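Below is one structure, written out as structure tokens; comments come after it.
The values are calculated or read from the model by the stated rules, or taken from the named source; none is laboratory data. Because the structure is predicted, anything quoted here is derived from the model rather than measured. Note: ideal-geometry Cβ built from the backbone for every residue, glycine included; neighbour counts use all protein chains shown. Side chains included, ligands, DNA and RNA excluded: accessible areas come from the protein's heavy atoms. Shrake-Rupley method; radii C 1.70, N 1.55, O 1.52, S 1.80 Å.
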Amino acid sequence: MNLEAFYDKAYLWILTVGPRLLIAVFVLFVGIWLIRFLKRALNLHMHRREFDPSLQPFLISLFGTVMQVMLILALMQVLGLQMTIFTALIGALGVAAGLALSGTLQNFTSGVLILLLKPFRVGDSILAQGQEGIVSSIQIFYTVVTTQTNTTVIIPNSKLSNEVIINLSRQGKRRLDIELKFNFGISFDEVQRIVQKRIDQTPAILNDPATNFGVSSVDPDGYKVMINIWVDAHHYHEVKLAFQEDIIDDLKAGGIKLPGMP
């Protein structure tokens, strides 16, 4: 008898709740597909409008999060769940969740500030948290930086908004400083002639601002010269490596030895 009563209740539950469950599953799959479709459409629209690259991933991520919350609320309505239950639950867990998410909320606020104040943008070369690299994307909670060694560094936005950031490419130009040491038997005029010739033959070196070249210090065993040249900020490392190699070759070809040369 008890078994028959159980079957009757189960049958009644299936008739009552079953259709809602099927509709909820249908709404879930359709909602997930629709969110993905709308995110792709939004991304394509922003690309066509040449929207700020720094804002694109942030807005798409924010849009996806809002749509997912709306989907959850829609599923609750379909299933007939009372909002008062979840309101009480949220109130009970509010303090704990607030403490647990305080860092996350701070990262979110910092992300908004970064996008509004624009201390850096996608594509900028920055130095932050001891990491130097190119900003790949600015997300809701973190910023992705790709280093010179092709390493992906994920930095929380709160670290970038509350601490020092060095934007290496914002001005478009960077000064490259190279210091060389020679003994007193080597003529400074000859060194200057060779270096200046190499500078003139290097198209990557900018004419404005002007190049500086001179003796930076005098030591008991020789003197040091400093070369200050200006290059495109985004090609700083490539120009530095190539120019230093060319200078060494030119000095060797001119019969000038650097300390340690055989």
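Each row is one residue, and each column tells you yes or no for (1) under 21 Å from S216 (Cβ atoms); (2) charged (D, E, K, R); (3) modelled with pLDDT under 90.
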position: T152; (1), (2), (3): no, no, no
position: K159; (1), (2), (3): no, yes, yes
position: R170; (1), (2), (3): no, yes, yes
position: R175; (1), (2), (3): yes, yes, no
position: F182; (1), (2), (3): yes, no, yes
position: G185; (1), (2), (3): yes, no, yes
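Per-residue answers, yes or no, for (1) of a type in the set (G, A, S); (2) in contact with an Asp or Glu (Cβ under 9 Å, 6 or more places away or on another chain):
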{"site": "S125", "(1), (2)": "yes, yes"}
{"site": "G133", "(1), (2)": "yes, no"}
{"site": "L176", "(1), (2)": "no, no"}
{"site": "E179", "(1), (2)": "no, no"}
{"site": "G185", "(1), (2)": "yes, no"}
{"site": "P203", "(1), (2)": "no, no"}
{"site": "D208", "(1), (2)": "no, no"}
{"site": "N212", "(1), (2)": "no, no"}
- Query: Considering segment 177-221 alone, what residues qualify as being of a type in the set (D, E), open to solvent by less than 80 Å² (accessible area, probe 1.4 Å) and assigned to a helix (DSSP H, G or I)?
  - Reply: E190
- Message: All but one of (1) outside any helix (DSSP H, G or I); (2) at pLDDT 90 or above; (3) within 30 Å of I134 (Cα to Cα) hold for D246; state the number of the condition that does not hold.
- Response: (1)
- Task: Evaluate segment 47-56: report whether one residue or more is among the hydroxyl-bearing types (S, T, Y), more than 21 Å from N167 (Cβ to Cβ) and at pLDDT below 80.
- Result: no
- When every residue in segment 110-137 that is at pLDDT below 85 and surrounded by 13 or more Cβ atoms within 10 Å (Cβ to Cβ) is compared, the one nearest to V231 (Cα to Cα) is K118
- Task: Out of the residues in segment 120-137 that are touching a residue at least 24 places away in the same chain (Cβ under 8 Å) and assigned to a loop (DSSP other than H, G, I, E, B), state the one that is farthest from the chain's Cα centre (by Cα).
- Result: Q129
- Pairs where the first residue, in segment 219-232, is at positive phi and the second is exposed (fewer than 13 other Cβ atoms within 10 Å of the Cβ) and at pLDDT 90 or above, C-beta under 6 Å, 6+ apart: none
- Query: Can we say K173 is in contact with a Gly (Cβ under 8 Å, 6 or more places away or on another chain), in contact (Cβ under 8 Å) with a residue 60 or more places away in the chain and basic (K, R)?
  - Reply: no
- Task: Report, by residue number, each residue of segment 138-154 that is assigned to a strand (DSSP E or B) and either surrounded by fewer than 18 Cβ atoms within 10 Å (Cβ to Cβ) or touching an Asp or Glu at 6+ places or on another chain (Cβ under 6 Å) (or both).
- Result: V144, T146, T147, T152, V153, I154
